[in-house]
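Everything on this sheet refers to the single structure shown next.
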Amino acid sequence: MAPHTAIDEVNALHEIEARFDTVQILNEEGKIVNDSLMPGLTDDELQEIMRRMVYTRILDQRSVSLNRQGRLGFYAPTAGQEASQIASHFALEKDDFILPGYRDVPQLIWHGLPLEQAFLWSRGHVDGMKGIEKLNILPPQIIIGAQYVQTAGVALGIKKRGKKSVAITYTGDGGSSQGDFYEGINFAGAFKAPAIFVVQNNQFAISTPRSLQTAAKTLAQKAVAAGIPGVAVDGMDPLAVYAAVKRARERAVNGEGPSLIETICYRFGPHTMSGDDPTRYRTEDLDNEWAKKDPLVRFRKFLEERNLWSNEKENETIEQAKEDIKAAIKKADSAPKQKVTDLISVMYEELPYTLKEQYEFYKVKESR
């Protein structure tokens, strides 16, 4: 009888996990630590990434203020995640589709959504997502992880039409615990659909820490079960995020299928402005530790060393953002008050009879 051979599943797991080290190009001091991965971005493109990140930080600050004034509705702060959001979007093309989570409004804005419409969406106004079919975007998904399944479908549609574009989606670390997460990456992998799945690991799903989400050492390694490539990157490093998404896009349009990218980052503010208090589950020491990794500070140091950024450029960007936001909120304020019939009319391409009855009822009521 042949000698019994133990099944060493523990070592097999450790071997897999060891392959998912965090990819970084810029360290916290803005120094290049992995020159071989440095993307071929021009000086103008590097400056544009910084401009968009600064603009987005101001947009976040003003949005928080507007929410507290009662001038916005639902809002999920983005400070700390600019590199993850903006640099990933910068690696896309206009023909690519974005399926966002509720924190991913900045990507929609940089993909063409007018700022005033973003404000209207926050207020729950139907005009907030008016005309988005021309922009290759879907409305921000509120259901956690649902956008992953939708992305698999959109990506398959892109493949069947023979288009050289991709569908990209985002969720948080909490979203990676949802069934839709696994179904989405598995379906896309099985059909080699051109999708990019991003998990923005900002350390907390509301108040639940990343350590309680899963026993997995990384979230990127979950790609292994679906048979697709996965990579963990420093989500506070815009160059690492850009390089990872750019590579994933190249694979996708070349027919090599989807990728999963974990961007390891931190949200500086609350989960949303709807009553969350991060001081109840995060320590000041932890906040200070991550503040040292601020993507804007890191990238600013990198650019300044190359004479590509200055206080003047930064102040110009800040003032432009403030002017744009002021004009956009004024436009949003002047939008027609939403009626019940407005809401009903956009729910279906053809209204079922029950809604037709309600539509007629409210049409008469609103005409009085």
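The values are calculated or read from the model by the stated rules, or taken from the named source; none is laboratory data. It should be emphasised that the depicted structure is a prediction, and the values quoted were computed from it without experimental measurement. Reconstructed Cβ throughout: ideal geometry from the backbone, glycine too, with neighbour counts over all protein chains shown.
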Hey, can you tell me all the residues within region 327-368 that are of a type in the set (Lys, Arg), over 28 Å from residue 114 (Cβ atoms) and assigned to a loop (DSSP other than H, G, I, E, B)?
368
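For every residue, the table says whether it meets (1) basic (Lys, Arg); (2) more than 21 Å from residue 237 (Cα to Cα); (3) at pLDDT 95 or above; (4) in the same structural domain as residue 271 (by TED's automatic domain parsing).
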| residue | (1), (2), (3), (4) |
| --- | --- |
| 95 | no, yes, yes, yes |
| 131 | no, yes, no, yes |
| 137 | no, yes, yes, yes |
| 145 | no, yes, yes, yes |
| 170 | no, no, yes, yes |
| 175 | no, yes, yes, yes |
| 189 | no, yes, yes, yes |
| 192 | yes, yes, yes, yes |
| 203 | no, no, yes, yes |
Can you tell me which residues in region 100-156 are touching a strand residue (DSSP E or B) at 6+ places or on another chain (Cβ under 8 Å), in a helix (DSSP H, G or I) and surrounded by fewer than 21 Cβ atoms within 10 Å (Cβ to Cβ)?
150
Which one is nearest to residue 251 (Cα to Cα) among residues in region 149-184 that are among the polar types (S, T, N, Q) and touching a helix residue (DSSP H, G or I) at 6+ places or on another chain (Cβ under 7 Å)?
165
Test of understanding: among 267, 282, which residue is within 24 Å of residue 216 (Cα to Cα), of a type in the set (Lys, Arg) and surrounded by fewer than 19 Cβ atoms within 10 Å (Cβ to Cβ)?
282
Looking at region 8-17, is at least one residue touching a residue at least 40 places away in the same chain (Cβ under 8 Å), surrounded by 13 or more Cβ atoms within 10 Å (Cβ to Cβ), among the hydrophobic types (A, V, I, L, M, F, W, C) and assigned to a helix (DSSP H, G or I)?
yes
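Conditions tested, residue by residue: (1) crowded, with 18+ Cβ neighbours inside 10 Å; (2) in a strand (DSSP E or B); (3) touching a Ser or Thr at 6+ places or on another chain (Cβ under 6 Å).
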| position | (1), (2), (3) |
| --- | --- |
| 263 | yes, yes, yes |
| 286 | no, no, no |
| 293 | yes, no, no |
| 296 | yes, no, no |
| 301 | no, no, no |
Criterion (of a type in the set (Lys, Arg) and surrounded by fewer than 18 Cβ atoms within 10 Å (Cβ to Cβ)) met by exactly one of 57, 71, 52
71
